[in-house]
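Enquirer: Here it is: the structure, laid out below.
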Amino acid sequence: MQFPLIKINEFFKSTKAKEGVTSLWGNFGVGKTTLSLQTAKKYALNRKKVLYIYTKPNLPFIKISNVFENNLEDVLENDLFIHTTNFDDLFNLIFNLEFGVLDDLKTKNGALNLIIVDSMTDLYRLELNRDKKGKNFVLNYKLNQMLANLVSLKQKYEIDILIINETSRRTIEGQTYELESGGNVMQYWVANSIKIERIDIANNRKFILHRGNDNNSFLLNTTLTKHGFE
């Protein structure tokens with residue numbers, strides 16, 4: 001993965017970190033989509049093809065315009081946006097990527113270099129129902145299959161994978177912990193992660209970077225502007 005911030009790239013430059021899927025997660029409004037758009041911009045300006053799958057109700061046109069700035073036309077030439085707001089549609093899209101979008105892009109001058117899914121579990125969480133265990137089992141199975149397919153695409157085609165995820169909370173022995181939405185499924189498939197947190201200073205954010213299975217982590221403070229993180 002190549003991110004727009006040098007210190008993030010330095011942390012993830014090891015061989016282990018390059019092997020797995022990377023997740024970007026945190027609470028609502030911390031800047032996850034902004035950083036993912038900056039990443040898409042960096043790839044596109046280097047003439048690398050990006051597939052950006054967006055699952056929330058409305059595409060963030062203003063945010064896209066602010067992040068891409070004067071490079072909007074050049075970036076959109078190499079970025080393909082797909083908007084879906086239905087979990088089954090998202091599942092079918094990701095499950096059939098290899099024989100759908102990838103083949104189509106190959107015929108249009110250039111292989112795919114980066115897939116971004118923003119967000120991976122938003123639609124999944126909307127479908128969950130505490131009283132319908134059978135349905136929840138199917139949802140977990142589909143989430144597992146989507147992540148397995150993305151990992152397979154990374155390994156087979158050397159495509160970078162960035163998934164945007166939400167924050168969930170779990171209480172153990174009276175103490176509440178924050179973790180990625182999707183629970184054990186996400187823990188199994190995600191190798192590297194970036195958690196974004198607010199801090200007391202307005203428009204400043206703390207990044208918590210975690211790399212592979214070596215238990216290495218790194219804290220990074222950044223500033224969020226209209227055009228992205230600096």
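Enquirer: Kindly indicate whether Lys142 is free of Cβ contacts under 8 Å to residues at least 60 places away in the same chain, surrounded by fewer than 15 Cβ atoms within 10 Å (Cβ to Cβ) and outside any strand (DSSP E or B).
Expert: So Lys142 does not fit the description; no.
Enquirer: Moving on to the next point. Ser14: polar (S, T, N, Q), at pLDDT below 95 and closer than 21 Å to Gln187 by Cβ, yes or no?
Expert: yes
Enquirer: Would you check if Asp200 is surrounded by fewer than 16 Cβ atoms within 10 Å (Cβ to Cβ) and not aliphatic (A, V, I, L, M)?
Expert: The answer is yes for Asp200.
Enquirer: Out of Leu224, Leu162, Leu220, Leu179, which single residue is farther than 23 Å from Glu10 by Cα, assigned to a strand (DSSP E or B) and of a type outside the set (Phe, Trp, Tyr)?
Expert: Leu179
Enquirer: Okay, next question. So which residues in the stretch 47-77 are polar (S, T, N, Q), surrounded by fewer than 21 Cβ atoms within 10 Å (Cβ to Cβ) and either touching a Phe, Trp or Tyr at 6+ places or on another chain (Cβ under 7 Å) or farther than 13 Å from Leu37 by Cα (or both), if there are any at all?
Expert: Listed by number, the residues that qualify are Asn58, Asn70.
Enquirer: Ok, one more. Report the residue count in the stretch 182-217 for those that are on the phi < 0 side of the Ramachandran plot, part of a loop (DSSP other than H, G, I, E, B) and either modelled with pLDDT under 85 or in contact with a helix residue (DSSP H, G or I) (Cβ under 9 Å, 6 or more places away or on another chain) (or both). Give the steps one after another, and end with the answer.
Expert: First, pick out the residues of the stretch 182-217 that are on the phi < 0 side of the Ramachandran plot: 184-202, 204-211, 213-214, 216-217.
Remaining after also requiring part of a loop (DSSP other than H, G, I, E, B): 199-202, 213-214.
Adding the requirement that they be either modelled with pLDDT under 85 or in contact with a helix residue (DSSP H, G or I) (Cβ under 9 Å, 6 or more places away or on another chain) (or both) leaves 213-214.
Within the stretch 182-217, residues that are on the phi < 0 side of the Ramachandran plot, part of a loop (DSSP other than H, G, I, E, B) and either modelled with pLDDT under 85 or in contact with a helix residue (DSSP H, G or I) (Cβ under 9 Å, 6 or more places away or on another chain) (or both) number 2.
The values are calculated or read from the model by the stated rules, or taken from the named source; none is laboratory data. Bear in mind that the values here come from a model prediction, so they are computed numbers and not experimental data. With ideal geometry, Cβ positions are generated from the backbone for all residues, glycine too; neighbour counts draw on all protein chains shown.
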